[in-house]
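I have placed the structure first, in the form of structure tokens, so that the comments after it can refer back to it.
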Amino acid sequence: MGGSAKSEGRSPRCIALVGPYLSGKTTLFEAMLARTGAAGLEGASVRRNIGDATPEAHEHGMSVELNVADIDFLGDHFTIIDCPGSVEFQYDGKAALTACDAAVVVCEADEKKLPALQIVLKDLEERRIPHFLFLNKIDKVNRRIRDVLALLQPFSSLPLVLRQLPIAENGAISGFIDLALERAHVYRPHAQSEVVALPESLSSEEAEERFAMLEKLADYDDELMEQLLGDVQPPRDKVFEDLTSELKRSQICPVFFGVAEQGNGVGRLLKALRHEAPFVEETAARLGAAGSKTCAHIIKTYHTPHAGKLSLARILSGEFADGTIAYSRESDERVSGIFTLTGADVKKRGPASAGETVGLGRLESFATGDTICAQKGGGVSVKSAALPPRPVYGLAVAASERKDEIKLTAALAKIIDEDPSLSFVHDRDVGQLVLWGQGEMHLRVALKRLNRRYGVHAETRKRDIPYKETIRKGIEIRGRHKKQSGGHGQFGDVVVAIEPLPRSSGFVFSETITGGAVPRNYIPAVETGVRDYLGEGPLGFPVVDLSVCLKDGSYHTVDSSEQAFRSAGRIAMSEGMPKCAPVLLEPIMAVSILAPSEATPRINAIISSRRGAILGFDARHGWPGWDVIEAHLPESEILDMIIELRSATAGTGSFEAAFDHLTEVTGKLADQILASHSARAA
């Protein structure tokens, strides 16, 4: 994204920092910037200007969107992307990961956070994104490093390859032994570690752990296996060659550790990224974009006050300059400026070449996840692109001031362009505009951005449930519309039979007219009048699951008309329906809840407390230690269920829901629903 792009012909690389919430990603991000002198910032000024720089991040004390900055380390250039850890904001990171060369998974040896770690690792493994693991807060670990690895391994399908052995002094971690280089280092606060002699007390443990590392590498290298079986010490270059190649092929996950807050372990991690992380050519091949001459993948969209729309893009091949025409499969646009993004700071710069991550100006028709090319017809659909997750939480929204209604829609479109895991729909069933997202905080942050950036204040409330009503018994009733007001009058007369139908039958209209009691050309008008009524029955809700049969009637040769018979049909319904024992129906959803197995009893209790019926549960395929709980729940009971679900699963639980059927609601609950509906309608 800026600075000197290449060193020794090596293209710039893009590295994502990912991991569970509060694992220390932003702290590591800041430490990497401080260690490399990026932007001349140190300490608290890094956070104020680059890490979590937005007001929303400050208010919530956590990352709510990507933090991006460039660093140069020993002549190599990197873009570092710090991704949010909260499950509510994780799509931002998943979208960015697509075109990154590698990821650093920041985690802790904390059993409570292991399911969240598993979610992150699973995504990387499924998309075959090379990744390292950085075990943060090593100073707080009170168990052997081998035991920590054993704790973490079940949550990774790739072998965790330990790269360092801790050196303890007076019960505290004071440094490490690099198992690949066989060198000992002592930590220095916020500075490069110092090489020291290998402690004799650790020589046997070092040899044991190094052999364990080589054994894991040998699983993918027959030559190395032969050397180990022959008790031949492999050359150091051979070890690094295997570490690099097996990382790139997503066969192993190297494990480093440190204390990001103190800057401990940061230098060794940076060196591993420099020597072992793949380059953009390999990333383009992984994404299926290797054949494109000039190609870029959009990993994030911004709407800035001064530069307009900016598309943060990884250049996979070729060069993009101001004025380059970018093509996708659907459209083309001219790039209006190339920009460097460092935190909230945006600066114009010159052309960007393969490997760099830059802002491309004013690509209005392109969105996050698009791959663009500089050749017409060269559009590419990359492999492993992240799809926005299904929403789990929605609120009805409306502009506080009527004059802002159009402005609200336009501003929300920009907010959603930046974060496609949000969506905004008009729910025709209840006549509301609903903002959907990944949780309560997700929507809260979006609405605050809406106010801060665009000056639009939106009022919110729980979304309405699309209740319906039906009838329990039938009736035959006459509906007559007669009006005389000088000249031609209005006359329509019908007899209809209203009958209940089985659930999910919908509405059926029929007629058994004989002898021309109602002329054939007026029968469609009767049906229209009946349908007019069905939008709001005697209880105030749309009517379903009934049949209406036109059986008889009469007409006037002069005064009858289509409009008169339409009115007669509606009158018959309005007078007959209250006598058909109307009953309220509520929508029942088929819900699949995904949660760690240890939380299943708590999930079952949540379902029961929300009037749900548990249908069963099973192990989640491909997810050791996870269950899928199937249930039926009233839609009204899942409005805010994600909040309780996340609380019961340390932030990791989620669910998918789809309409299944309607069921009757009676008694006190029905009375409460009807009273609430009447109060809102008043």
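Could you tell me whether Asp545 is buried (at least 19 other Cβ atoms within 10 Å of the Cβ) and in contact (Cβ under 8 Å) with a residue 12 or more places away in the chain? Yes: the conditions hold for Asp545. Sub-9 Å Cβ pairs linking a first residue in the range 589-615 that is not assigned by TED's automatic domain parsing to the domain that holds Gly625 to a second residue that is surrounded by fewer than 16 Cβ atoms within 10 Å (Cβ to Cβ) and in a strand (DSSP E or B), at least 6 apart or interchain, number zero. Annotation note: of Glu319, Glu356, the sole residue that is touching a Pro at 6+ places or on another chain (Cβ under 7 Å), modelled with pLDDT of 95 or more and surrounded by 21 or more Cβ atoms within 10 Å (Cβ to Cβ) is Glu356. Taking the criterion of being in contact with a strand residue (DSSP E or B) (Cβ under 9 Å, 6 or more places away or on another chain), assigned to a loop (DSSP other than H, G, I, E, B) and among the small types (Gly, Ala, Ser), the residues of the range 65-106 that qualify are Gly75, Gly85, Ala99. Please verify whether Gln164 is in contact (Cβ under 8 Å) with a residue 12 or more places away in the chain and either farther than 21 Å from Leu74 by Cβ or surrounded by fewer than 20 Cβ atoms within 10 Å (Cβ to Cβ) (or both), treating the condition exactly as stated. So Gln164 does not fit the description; no. If you go through the range 166-223 and keep only what is in a loop (DSSP other than H, G, I, E, B) and in contact with a Leu (Cβ under 8 Å, 6 or more places away or on another chain), you end up with Leu179, Ala180, Glu182.
Would you check if Gly529 is under 22 Å from Ala581 (Cα atoms), without any contact (Cβ under 8 Å) to a residue 40 or more places away in the chain and assigned by TED's automatic domain parsing to the domain that holds Gly569? No: the conditions fail for Gly529.
Would you mind finding the one in His457, His442, His426 that is over 26 Å from Phe366 (Cα atoms) and either touching a strand residue (DSSP E or B) at 6+ places or on another chain (Cβ under 7 Å) or in contact (Cβ under 8 Å) with a residue 40 or more places away in the chain (or both)? Quick ask: steps written out before the conclusion?
Values: His442 fails: over 26 Å from Phe366 (Cα atoms); His426 fails: over 26 Å from Phe366 (Cα atoms).
Among His457, His442, His426, only His457 is over 26 Å from Phe366 (Cα atoms) and either touching a strand residue (DSSP E or B) at 6+ places or on another chain (Cβ under 7 Å) or in contact (Cβ under 8 Å) with a residue 40 or more places away in the chain (or both).
For the range 2-19, name all the residues that are in a strand (DSSP E or B), at pLDDT 95 or above and under 17 Å from Leu316 (Cβ atoms).
First pass over the range 2-19, keeping only residues in a strand (DSSP E or B): 7, 10, 13-18.
Next cut, at pLDDT 95 or above only: 13-18.
Hits for the range 2-19 are Arg13, Cys14, Ile15, Ala16.
Looking at the range 339-384, none of the strands (runs of 3 or more DSSP E) lying wholly inside it contains 1 or more residues that are on the phi > 0 side of the Ramachandran plot, assigned by TED's automatic domain parsing to the domain that holds Asp123 and charged (D, E, K, R). Right, Lys112: over 20 Å from the mean Cα position of the chain (by Cα), in a helix (DSSP H, G or I), of a type outside the set (A, V, I, L, M, F, W, C) and surrounded by fewer than 22 Cβ atoms within 10 Å (Cβ to Cβ) or not? Taking the combined requirement at face value, the residue satisfies it. The residues of the range 284-301 that are surrounded by 21 or more Cβ atoms within 10 Å (Cβ to Cβ) and either of a type in the set (A, V, I, L, M) or part of a strand (DSSP E or B) (or both), listed by number, are Ala284, Leu287, Ala289, Cys295, Ala296, His297, Ile298, Ile299, Lys300, Thr301.
Filter the range 386-414 down to residues that are over 11 Å from the mean Cα position of the chain (by Cα) and in contact (Cβ under 8 Å) with a residue 60 or more places away in the chain, then give me how many there are.
Taking the range 386-414 first, the residues over 11 Å from the mean Cα position of the chain (by Cα) are 393-414.
Among the residues that remain, those that are also in contact (Cβ under 8 Å) with a residue 60 or more places away in the chain are: 393-399, 414.
Residues meeting the conditions: 8.
Applying the set (1) surrounded by 22 or more Cβ atoms within 10 Å (Cβ to Cβ); (2) not in a strand (DSSP E or B) to His275 leaves exactly one unmet item: (1).
Of the residues in the range 136-153, at least one is among the polar types (S, T, N, Q), within 33 Å of the chain's Cα centre (by Cα), within 27 Å of Glu30 (Cα to Cα) and not in a helix (DSSP H, G or I).
Can you tell me which of Gly516, Gly553, Gly506 is more than 30 Å from Ser636 (Cβ to Cβ), of a type outside the set (Lys, Arg) and surrounded by fewer than 17 Cβ atoms within 10 Å (Cβ to Cβ)? Quick ask: steps written out before the conclusion?
Numbers: Gly553 fails: surrounded by fewer than 17 Cβ atoms within 10 Å (Cβ to Cβ); Gly506 fails: more than 30 Å from Ser636 (Cβ to Cβ).
Within the list Gly516, Gly553, Gly506, the selection yields Gly516.
Return the residues of the range 308-334 that are within 16 Å of Ser353 (Cβ to Cβ) and in contact with a His (Cβ under 7 Å, 6 or more places away or on another chain); say none if nothing qualifies. The answer is Ala313, Arg314, Leu316.
The single condition from (1) out of contact with any helix residue (DSSP H, G or I) (no Cβ under 6 Å at 6 or more places or on another chain); (2) not assigned by TED's automatic domain parsing to the domain that holds Ala172 that Pro235 fails is (2). Of the listed requirements (1) modelled with pLDDT of 95 or more; (2) crowded, with 21+ Cβ neighbours inside 10 Å, Pro420 misses just one: (2).
For the range 536-549, the condition holds for at least one residue, the condition being that it is touching a Leu at 6+ places or on another chain (Cβ under 9 Å) and on the phi > 0 side of the Ramachandran plot. Scanning the range 20-40 for residues that are within 22 Å of Asp76 (Cα to Cα) and not in a helix (DSSP H, G or I) turns up just one, Gly37.
The values are calculated or read from the model by the stated rules, or taken from the named source; none is laboratory data. Note that the structure is a prediction, hence the values are computed from the model and not measured. Because the Cβ atoms are built from the backbone with ideal geometry, glycine has one as well, and the counts that use them run over all protein chains shown.
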